[in-house]
Structure formats: structure tokens, C-alpha cells
Amino acid sequence: MILVTGGAGFIGSNFVLDWIAAEASPVVTLDKLTYAGNPGNLASLKDDARHIFVKGDICDRALVARLLEHHQPEAIVHFAAESHVDRSIHGPAEFVQTNVVGTFSLLEEARAYWSQLAEPAKSRFRFLHVSTDEVYGSLGRDDPAFVETTPYAPNSPYAASKAGSDHLVRAYHHTYGLPTITTNCSNNYGPLQFPEKLIPLVILNAVHGKPLPVYGDGLNVRDWLYVGDHCTAIRLVLQQGRLGETYNIGGNSEKTNLDVVRTICTIIDGQRANSAPHSKLISYVKDRPGHDRRYAIDTAKIESELGWKPREAFDTGLRKTVQWYFDHMDWVASVQTGDYRKWIETHYSARQ
Ligand code: NAD
Ligand code: TYD
């Protein structure tokens, strides 16, 4: 049994579905079901005895203690977080609460549980913390990519709260010996991503002929990691990663935002041959405050130690992603609630 936090969100649900398909051990998913969590992401596991869903908050220590005691997991894979930079600028408090206090609560309960385990369960136990490359700050155009020893320099409230959680995880290994591993990955894309993030937002706006909002000059660079590749990497790190280590995970696909948006437009143009070019919808809007210019990941450590490489090329991954959204408009409708529409309206009307 493994305990997955945040398993109803984008990466967490891809991970749970992947795990159940590939591994023998069952999964307990703990998720608060915030606006970003959708139990429908795991609907295909409804009748699968190897999956249990628990609605709850990682900050609820009594609940976490009960789950650990009852299910005796051999690992915790920790995805639960507030994850959207723009929302962290509008309201940072929730980010500190879930990402810092929530991770602290989980670490405390994991420590209490792990301390009383007998061998061999104690040596086998793992706490895998999923984090982001944004903790390293922003790179200049010609700077070398982030390595695991790059100093932390988080710039947004989101990145700072994730950095805080990473430091706590590190300290729990260093001080208490808790068997932790941290992964820092680049921007994920793929099926089931909530449409507030760049790629699904642009796909859906393009389909509906709405403006495609590009912040600033559109030349900010991100590295794009296909979510399926990320899930494979996390499974490998969990099974073979060295305790107390951190591993950077990236897609070897650095792109400007403008490149990303234009590529999506070209893919959709190909599918809707008689419409005007979708790139005509590109609309430059006010930049994000403190917008990091470039992220890039050096994957040498995970490649050499664990033999992992991203398999999906950006072009094929993006085509699959566009197709997934085209084929799942019912899912899209189910997540575009009143709250979602309010966010889009408030956030983008302030940027015109
Ligand atoms: P997401 O926002 O799609 O999902 C987060 C999930 O956590 C949701 O299901 C939500 O309901 C749940 N959650 C939030 N607060 C909770 C709480 N207090 N208790 C229990 N559950 C709670 O996020 P994602 O994109 O799937 O990201 C997963 C993890 O990966 C996060 O830790 C994020 O920081 C990290 N990460 C994401 C990306 C990316 O590109 N999406 C990149 C790097 C790192
Ligand atoms: P996002 O998906 O929010 O991820 P992150 O900020 O964590 O990297 O944004 C990816 C990039 O796209 C980032 O540079 C901000 C930019 N962006 C836009 O230009 N327009 C948008 O509407 C959004 C949501 C993001």
C-alpha cells in the first residue's frame, strides 16, 4: 500500500492511474478536493479494490495519523499543494498553509509512524516529496540549467512556499533520519491538467475562438515535461532513489511561451482546416509581477544514477494533449465551474 496526497489533481491523478496499471500494491489517495482536485479524474478506479479515496486535508493530523495506522503504507508520495503561481500572487496565505504547514504536518505524522515501524518495514519506508524547479529562481538566457546543487532563490509566493517545504523535508532526513527523497521537476503538461495553466487554457480558448493571453513579450522560457514521463520518473525514484537525495526531472524541451502557443495554434489549424489561423487570437496582456524569465533542468543526475530519460518529444506530447482535450470536452465542462469562470474573469480582465 502507498499513500498518495493530492491524487485527485493533475499530476497526482496521472500518477495514481499509472501506478495502479503498472504496480501490484494498492493506493490510498488523500485529497482535500480544492478547486484543482477532481474525483472524476480517478473515476475509472471506482470499482477497483486496489484504490481507496479519502477526502481530507493534509493539515488534519488526526486524520493522517489514522490513515497511516490503519493502512500501514510503505511509502507516502506527496503531491498535495496549491500549485498556481498567479493564484499565489492574488492570495498567498493558502500557499503557506498547504505547502508549508501541510507538508510539516505530514512530515510530523510520517515521522511518528515510521519511528515505531519494525524492520524490515522501517528500512523500506519512503517519503517522496514532489517539488518544482521554480525553487531555483530565474535563469538568464545563457546560464547553465538547474542542477540539484543550484542555490535556492524562489521568486513567487508559490515558489517560496515550495522551497519552505523542500527545506523541511531535507531537515527531517538530516535531523531525524526520516527516509525522504525530493524531486524537482519542470512544467508538466498532458491529460487532466486544470485549464488555468498555460497549455490547457490556450487549447480551450483557441477551440472557442477566444483570445490567447500571452504575458509580457511571450519570450519567457519554460522546460516542458510530459506528465507520463514524470510519473515514470517518480516511480523509479521511489524504488531506486538514494535516501536524502534530490533529483531534478525535466523534459529537455525548453520553449518560449510564444513558441508553445504558436505550436498549439498550428496543431489546431490542422484539425480545423477551414477556420482562420488560430495564431490571430494571440493577445499580449500585462505581464505577471516578478515573472521568472527562464527555467531549465539538467537531468544528468537522474539519467546517470537511475537510467531515466524523458521519452516524449514536445511536438508529439503536445499533439496527444490537444487530442485528449478534444476527446474530453465533458471533463472540461465538469471542471469549468462558476468558481473557475470567476477566476478567469477577474484575473484576465485586470490584465487587458
Ligand atoms: P494541482 O493543483 O493540479 O493538484 C493539487 C491537488 O492537491 C488537488 O487535487 C488538490 O485538491 C490537492 N490539495 C490541495 N491542498 C490540499 C490539502 N491541504 N490537503 C489535501 N489535498 C490538497 O497540482 P499538480 O499540477 O498536479 O501538482 C502536483 C505537485 O507537483 C505539486 O506539489 C506541485 O507543486 C508540483 N509541481 C507541479 C508542476 C506542474 O507543472 N503542474 C511542476 C512542478 C512541480
Ligand atoms: P503556468 O502554466 O502558469 O506555469 P508556471 O508559471 O508555473 O511556469 O505558466 C507557464 C508560462 O506561461 C509562464 O511563463 C506564464 C505564462 N502564461 C501566459 O503567458 N499566459 C497565461 O494565461 C498563463 C496562465 C501563463
Rounding to the nearest 10 and keeping the result within 0 to 90°, find how far the Cα-based axis of helix 157-176 lies from the longest principal axis of the chain. 20 degrees
Final fewest-first order of Tyr113, Tyr136 on the 10 Å Cβ neighbour count is Tyr113, Tyr136
How much net charge surrounds Lys309 when only the other residues with a Cβ under 15 Å from the Cβ of Lys309 are counted, with Lys and Arg +1 and Asp and Glu -1? -3
From the square roots a ≥ b ≥ c of the eigenvalues of the alpha-carbon gyration tensor of region 61-116, which class results: rounded (a/c under 1.5), prolate (a/b over b/c), or oblate? prolate
Helix 338-349: angle to the longest alpha-carbon principal axis of the chain, degrees 0 to 90, nearest 10? 60 degrees
What percent antiparallel are the DSSP beta bridges of the chain, to the nearest 5? 10 percent
Can you quote the Å³ per residue value for the convex hull of the Cα atoms in region 1-160, rounded to an integer? 139 Å³
Residue by residue through region 320-335, which ³J(HN,Hα) values in whole Hz follow from phi under the Karplus form 6.51 cos²θ - 1.76 cosθ + 1.60 (θ = phi - 60°), with glycine and proline marked x? 4, 5, 4, 4, 4, 5, 4, 7, 10, 5, 5, 4, 4, 4, 5, 9
For region 222-323, what does the relative contact order come out to in percent, with C-alpha contacts under 8 Å and a separation of six or more? 44 percent
The summed charge of the Arg141 Cβ neighbourhood (under 10 Å; Lys/Arg +1, Asp/Glu -1) stands at 0
Dimensionless Rg ratio for the chain, taking C-alpha atoms and the 2.2 N^0.38 Å reference: 0.97
So how do 57-69, 282-294 stack up, highest first, on mean other-Cβ count within 10 Å? 57-69, 282-294
For region 177-321, what percent of Cα pairs sit more than 27 Å apart? 29 percent
Compactness summary of region 250-319: radius of gyration and Dmax from Cα atoms, Å, are 16.2, 50
Restricting to DSSP H runs of at least four residues, report the calculated mean residue ellipticity at 222 nm for the chain, -39500 (n - 2.57) per run over all residues, nearest 500 deg cm²/dmol. -12500 deg cm²/dmol
Percent of beta bridges antiparallel (DSSP, region 212-352, rounded to nearest 5): 40 percent
Mind computing the radius of gyration and Dmax over the alpha-carbon atoms of region 193-272? Å is fine for both. 16.0, 50
Going by the alpha-carbon gyration tensor, a ≥ b ≥ c the square roots of its eigenvalues, is region 149-254 rounded (a/c under 1.5) or, if a/c is not under 1.5, prolate (a/b greater than b/c) versus oblate? prolate
In sequence order, calculated HN-Hα J values of region 256-271 (Karplus, 6.51, -1.76, 1.60; Hz; x Gly/Pro): 6, 4, 5, 4, 4, 5, 5, 5, 4, 4, 5, 4, 6, 3, x, 8
Calculate the dipole size of the chain relative to its Cα centre from +1 charges on Lys and Arg beta carbons and -1 charges on Asp and Glu beta carbons; express the result in debye to the nearest 20. 440 debye
How would you rank 229-237, 126-134, highest first, on the average number of other Cβ atoms within 10 Å across their residues? 126-134, 229-237
The value for region 287-328 (convex hull of the alpha-carbon atoms, volume per residue, Å³) is 147 Å³
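We did not get these values from a lab; they are worked out from the coordinates using the rules stated. It should be emphasised that the depicted structure is a prediction, and the values quoted were computed from it without experimental measurement. Cβ: placed from backbone, ideal geometry, glycine included. Neighbour counts: every protein chain shown.
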